[in-house]
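The values are calculated or read from the model by the stated rules, or taken from the named source; none is laboratory data. Since this is a predicted model, take the numbers as computed values, not measurements. Cβ: placed from backbone, ideal geometry, glycine included. Neighbour counts: every protein chain shown. Please note that ligands, DNA and RNA were not included when accessible areas were found on the heavy atoms of the full protein model with its side chains. Shrake-Rupley method; radii C 1.70, N 1.55, O 1.52, S 1.80 Å.
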Amino acid sequence: MTHAQLVEEISWWMHGAPKGRVRRTLALFVDAILDEVREGRSVTVPGLGTFSKATRKARRIRNPVTKELMELKETTTVKFTAAKAAKERIK
């Protein structure tokens, strides 16, 4: 599902809510989650899951084309853990 399709779906479920308002609401939702995660706090969306900050350790990998070993630096990323209700719903 694309962003436009998601906006269309939410607008339909909200009985024709303006798509611009739906887009802005989605953007605010994502911004709020990412701001909290950036500060090191986890965010739980009931029925969906939990977003949290995670760190990937530095490691060595092999370039599949040149076969050369490369160093990857430590990186920070967003971790998502699905809620039990979400896991059960998609079975």
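Results, tabulated for the structure shown:
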| quantity | calculated |
| --- | --- |
| Only listed residue being open to solvent by 90 Å² or more (accessible area, probe 1.4 Å) and over 15 Å from the mean Cα position of the chain (by Cα), chosen from R62, R38 | R62 |
| Residue selected from region 41-59 under the condition of a type in the set (D, E, K, R) and surrounded by 10 or more Cβ atoms within 10 Å (Cβ to Cβ), by the criterion farthest from the chain's Cα centre (by Cα) | R59 |
| Residue in region 15-23 that is surrounded by 11 or more Cβ atoms within 10 Å (Cβ to Cβ) and either in contact with a Cys (Cβ under 9 Å, 6 or more places away or on another chain) or of a type in the set (S, T, Y) (or both) present | no |
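Okay, residues lined up against (1) without any contact (Cβ under 8 Å) to a residue 60 or more places away in the chain; (2) out of contact with any Asp or Glu (no Cβ under 9 Å at 6 or more places or on another chain); (3) farther than 21 Å from I10 by Cβ; (4) of a type in the set (G, A, S):
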{"position": "L28", "(1), (2), (3), (4)": "yes, yes, no, no"}
{"position": "V37", "(1), (2), (3), (4)": "yes, yes, yes, no"}
{"position": "V45", "(1), (2), (3), (4)": "yes, yes, no, no"}
{"position": "A54", "(1), (2), (3), (4)": "yes, yes, yes, yes"}
{"position": "K57", "(1), (2), (3), (4)": "yes, no, yes, no"}
{"position": "N63", "(1), (2), (3), (4)": "yes, yes, yes, no"}
{"position": "K73", "(1), (2), (3), (4)": "yes, yes, yes, no"}
{"position": "A83", "(1), (2), (3), (4)": "yes, yes, no, yes"}
